[in-house]
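The values are calculated or read from the model by the stated rules, or taken from the named source; none is laboratory data. Note that the coordinates shown come from a computational prediction; the quantities given were computed from them, not determined experimentally. Ideal geometry is used to build each Cβ from the backbone, glycine not excepted, and the neighbour counts take in all protein chains shown.
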Amino acid sequence: MLGPESAHSPNAEDLNALYWVMMVIGLLLIVAINAALIGLVVRYRRSRGAAAPRRLRSRRPIQVVAASALAGLALVLFVLGVIFTENAREVEASGPDGLQASSLLTAQRDIKPPGGEDTEPLTIQASGQQWIWRYEYPDGTFSYYELVVPVDTAVLVELNSTDVVHRWWVPGLGGKFDVVPDQQSGTWFKADEEGVYYGASYQFSGAAYAAMRTRVRVVTPTEYEAWLEQQATDIQDAQELVRRQLDERVDSPDNPPDDGESVDIDSSAPGGGGGPSQ
Amino acid sequence: MSAGPTIHPKRPEVVTDGVASSRPRWLEIATSGDHKDVGRMLIAGSLAFLALALIEFLLIRLQLAVPENTMIEPVTFNRLLSVMGVSLVVLFALPLVLGLYTYLVPLQIGARALAFPRLANLSTWLYIVGGAILYTSFVYTPPEAGINPLPPLSDTAFISNNGVDVWITAVGLSVLGFVLLAINLLVTLRRLRAPGLATRRLPPFAFSAGVSSWILLIAGPAMLAALVMLEMDRRFEGVFFDPGGGGAPTYWQHLSWIFMTGCYLLMVIPAAAAISEILPTFARKPLISRRAVNLSLAATGAIGLLAWMQNMLTASIPIGWLYFAMAAALLLIVPVGVLFVNWLATLASGAIELRAPMLFALAAISTLSIGLVAELFHAVIPVNWLLADTADATAATGYVVVGGPVLGGIAALHYWFPKLTGRFMGESLARFSLVAILIGAHLTLLPMFLAGLDGQQADVYKYFEDDLYADGVVGTFQSLDTYNLISSIGALVLVTGIVMSLVNAARSAGHGRRAGHDPWRGDTLEWLALSPPPPHNFDVVPDVRSDEPMRDIRDAVKRRHPPVPASRAKSGEPVA
Ligand SMILES: [Cu+2]
């Protein structure tokens, strides 16, 4: 309850570990300050018949010692911060249970891809749009709202936006990153457990921002391959259907063709068009 | 007669004192360049906008009391949110601080006026007109682009109505006024100090006015430039922030965050400075080191502004710059920590009187300690990646708002109210108010930390019911219902508490117990003036010989006039 979502990806573990370090330091600081405050007020209350106040002035060494101790704390936190950030950015190789087929490896500015050979991560193009997430897989298949990935596999999520600024985060699977139009950014994760992980957009992005949610379904590599195939077929069928309907509409004398109007094929794809509330 | 010293004006320099004006009184005040009238207008304006912001806050918490609430339309909610954001920071926190500075800084430094009296009047009206423009927009289209209207969302392609233009105008006019006032304060502080009042002898509050003014002078123009660019993008086909046309949305984020970081510092630094004056007065001993306190206030301002990118740690900025932001944000531990150490050390060996200003100041220290530590979490990059823009961030900021401008502001108001009006604010209502604010704040904000850890987004108009995530889900979004309900109940208590203090101030202005000129036996120069001070402030501008000029004056008076009978000499007790 006092901690973040339990980590299911190596980078999430780094984030959580440092969170707990901060939690311990933070609680100590808060308790120390407030205990001292209450203690001193109770001890030196005038109505308690305290002696006349002593007009103490501190000499410089005391202030310097206090400042140095605080600077030490800041330095320790900074070093920890850098170490854990670097760790979290290090993309790990896929594990033995993960998808072994290689896919496109794209070097990211903020991500350091692993050096190994047959451990190339799975690259997903995630695109934020008001107010839904679209995921595109290496073979060109796509899905809306739900991202399906194999377990124990390093997944690079390349983020981009088609409209306004969004921010992608699925708790338990790493950190959150801005999604800005015309800008490439990215994150990665390697889920250690099959299941469903919920996430959302964490940047105010207009009217339906609260409904801009997402979900990551982690499955076995075999299930993933099967799902991908099914999804590709479904998309093809849907596009076929739209094209047929369109042809019928053009052929029919009642419906003159509306020139220049493009048909949004994406929106008829399975899994598209809405969050869990719909 | 007061218990404090009274300087008898032998040769009054302002002979129009007390002569009735031919113009109505409200017109006198509205057009006045007297820093006390300007200060009072700013303070009154800020409290009025606070009341409006509280209404919006309550509506927002009411909407979030239950999951998937449909009471308020999403767009209406976003409008309330956008207006509340501006109201709390730009229309409440900043002018409250600046109003107190405008009123008190000339008094504290032994000046008879501001350097540019008319400019101060203009500043106030720029702010009031800005606020009025924001609120009249409720009759057509209020802004709806969020607390920080990031382009491209705030561009006409996505929000084509006038709401964002209203936001730009309101913030622009107000900030312009504040920047002008900052210049005014800086020149006043530099040129109009009483003889002998060296910089090292400035009391923390007056010193912090200099720090805050420099912050405004740096952060304000950055925002003004950004606002002009955004408006050019919106209405005149500019391409500053438009990603398609060669602009960069991130550019707006940098400029607006420089300003908002400045606002954040202006919520903390003046409150810290007021605390640093209230503690010694009510512990009956000097600050353990004024030098360390003033240096820390200045360092907090300087380092704090450098940490603006701490709010953008999730953006795709080269990692080196993120480390720079983290370093600056963490370095703030030093000056802020030194402040806390000095406060606690000042309490030790004192004779502490728990009057209302002291109680609020102590509560402000406690609340700020939580808010600033919570903010420290966000300074560390990996933890920021967890917590940024979740309800946790809202709660951290909330604690700073309550600890700084709210509790610190009310403490300052209680402390200087006798100077402003010649009367005390009610002591018992103050205690009720304080208890309600503390209970309310913790009830509202603590559950928000937990909701944030469970993944609740910041600034949402709704969240989803728990059972939506019931089957086969790995954690997340589990107890939002409970957290939000508690938070909404807490909001009601919190607002009740704040309103009690507002009522207290309004009632005491005319009916409070008379306080005399020097009710707290403060050691700074404002207590030399009458309460309320005459237009020219001081009949005699004293020579300052130490950190505590009023103490010297009291001693001098005591030496010249042999000790009075015991009945009058009861220290600390006001004599009407
Ligand atoms: Cu979004």
(message) within 28 Å of B:Asn148 (Cα to Cα) and either surrounded by fewer than 24 Cβ atoms within 10 Å (Cβ to Cβ) or touching a Gly at 6+ places or on another chain (Cβ under 7 Å) (or both): which single residue out of B:Leu344, B:Leu387 fits that description?
(response) B:Leu387
(request) Collect the residues in region A:199-212 that are within 10 Å of the ligand (Cβ to nearest atom) and surrounded by fewer than 24 Cβ atoms within 10 Å (Cβ to Cβ), keeping them in residue-number order. (result) A:Gly206, A:Ala208, A:Ala211
(request) Answer yes or no: is there a residue in region B:358-376 that is among the β-branched types (Val, Ile, Thr), closer than 28 Å to B:Val90 by Cα and away from chain A (no Cβ under 11 Å). (result) no
(request) Exactly one condition in (1) of a type in the set (S, T, N, Q); (2) modelled with pLDDT under 90; (3) surrounded by 15 or more Cβ atoms within 10 Å (Cβ to Cβ) is not met by B:Ser32; state its number. (result) (2)
(message) If I ask for residues that are in contact (Cβ under 8 Å) with a residue 40 or more places away in the chain, more than 7 Å from every other protein chain (Cβ to nearest Cβ) and within 16 Å of the chain's Cα centre (by Cα), which ones from region A:6-29 would you list?
(response) A:Ala7, A:Ser9, A:Pro10, A:Asn11, A:Ala12
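Which one is surrounded by the most Cβ atoms within 10 Å (Cβ to Cβ), of the residues in region B:319-335 that are facing chain A (nearest Cβ under 7 Å) and under 15 Å from A:Phe84 (Cα atoms)?
B:Met326
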(message) Just to verify a result, which residue in region A:189-198, among those that are away from the ligand (no atom under 16 Å from the Cβ) and touching a helix residue (DSSP H, G or I) at 6+ places or on another chain (Cβ under 7 Å), is farthest from A:Pro171 (Cα to Cα)?
(response) A:Lys190
(request) Look at A:Ala88 and say whether it is under 30 Å from B:Leu359 (Cβ atoms) and of a type in the set (A, V, I, L, M). (result) no
(request) Please list, ordered by first then second residue, the pairs with beta carbon atoms under 6 Å, 6 or more apart or interchain, first in region B:54-75 and of a type in the set (Phe, Trp, Tyr), second outside any loop (DSSP other than H, G, I, E, B). (result) B:Phe57/B:Met84
(request) Evaluate the following for B:Leu94: is it touching a residue at least 40 places away in the same chain (Cβ under 8 Å) and touching a Cys at 6+ places or on another chain (Cβ under 7 Å)? (result) yes
(request) Say whether the condition of being under 28 Å from B:Ile439 (Cβ atoms) and of a type outside the set (A, V, I, L, M) is met by at least one residue in region B:325-338. (result) yes
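Among the residues of region A:187-198 satisfying the criterion of being surrounded by fewer than 24 Cβ atoms within 10 Å (Cβ to Cβ) and more than 7 Å from chain B (Cβ to nearest Cβ), which is nearest to A:Asn11 (Cα to Cα)? Show your work before the answer.
Keep residues of region A:187-198 that are surrounded by fewer than 24 Cβ atoms within 10 Å (Cβ to Cβ), which gives A:192-196, A:198.
Pick out the ones that are also more than 7 Å from chain B (Cβ to nearest Cβ) and you get A:192, A:194.
On the way: A:Asp192: 11, A:Glu194: 17 Å.
Out of the qualifying residues, it is A:Asp192.
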(message) Can you tell me how many residues within region A:67-99 are more than 7 Å from chain B (Cβ to nearest Cβ), within 26 Å of the chain's Cα centre (by Cα) and assigned to a helix (DSSP H, G or I)?
(response) 6
(message) Considering only residues that are out of contact with any Asp or Glu (no Cβ under 6 Å at 6 or more places or on another chain), of a type in the set (A, V, I, L, M, F, W, C) and outside any strand (DSSP E or B), which ones fall in region A:195-232?
(response) A:Ala207, A:Ala208, A:Ala210, A:Ala211, A:Met212, A:Ala226, A:Trp227, A:Leu228, A:Ala232
(request) Looking at (1) in a helix (DSSP H, G or I); (2) under 14 Å from B:Leu107 (Cα atoms), find the lone condition where B:Leu186 falls short. (result) (2)
(message) Going by what's in this entry, would B:Leu202 be described as touching a residue at least 24 places away in the same chain (Cβ under 8 Å), aliphatic (A, V, I, L, M) and over 23 Å from B:His414 (Cα atoms)?
(response) no
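Conditions (1) surrounded by fewer than 23 Cβ atoms within 10 Å (Cβ to Cβ); (2) touching a strand residue (DSSP E or B) at 6+ places or on another chain (Cβ under 9 Å); (3) within 11 Å of another protein chain (Cβ to nearest Cβ), marked per residue:
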| position | (1), (2), (3) |
| --- | --- |
| B:Gly238 | yes, no, no |
| B:Gly245 | yes, no, yes |
| B:Trp252 | no, no, yes |
| B:Met260 | yes, no, no |
| B:Glu277 | no, no, no |
| B:Ile288 | no, no, yes |
| B:Leu306 | yes, no, no |
| B:Met312 | yes, yes, yes |
(message) Looking at B:Ile159 and the list (1) free of Cβ contacts under 8 Å to residues at least 60 places away in the same chain; (2) within 12 Å of another protein chain (Cβ to nearest Cβ); (3) part of a helix (DSSP H, G or I), which single condition is not satisfied?
(response) (3)
(request) Return yes when A:Gln231 is away from the ligand (no atom under 16 Å from the Cβ), surrounded by fewer than 21 Cβ atoms within 10 Å (Cβ to Cβ) and under 29 Å from B:Gly146 (Cβ atoms) and no when it is not. (result) no
(request) Determine if region A:103-121 includes at least one residue that is modelled with pLDDT of 90 or more, away from the ligand (no atom under 16 Å from the Cβ), in contact with a helix residue (DSSP H, G or I) (Cβ under 9 Å, 6 or more places away or on another chain) and outside any loop (DSSP other than H, G, I, E, B). (result) no
(request) Report, by residue number, each residue of region A:131-185 that is more than 8 Å from chain B (Cβ to nearest Cβ), on the phi > 0 side of the Ramachandran plot and away from the ligand (no atom under 16 Å from the Cβ). (result) A:Gly140, A:Asp152
(request) Residues being among the acidic types (Asp, Glu) and either more than 24 Å from A:Asp178 (Cα to Cα) or surrounded by fewer than 22 Cβ atoms within 10 Å (Cβ to Cβ) (or both): count how many of those fall in region B:122-161. (result) 0
(request) Check off (1) crowded, with 24+ Cβ neighbours inside 10 Å; (2) closer than 30 Å to B:Ser289 by Cβ; (3) within 18 Å of the chain's Cα centre (by Cα) for B:Val175 and give me the number that stays unchecked. (result) (2)
(request) Filter region A:49-66 for residues that are at the interface with another protein chain (Cβ under 9 Å from one of its Cβ atoms) and assigned to a helix (DSSP H, G or I) and give the result. (result) A:Arg60, A:Ile62, A:Gln63, A:Ala66
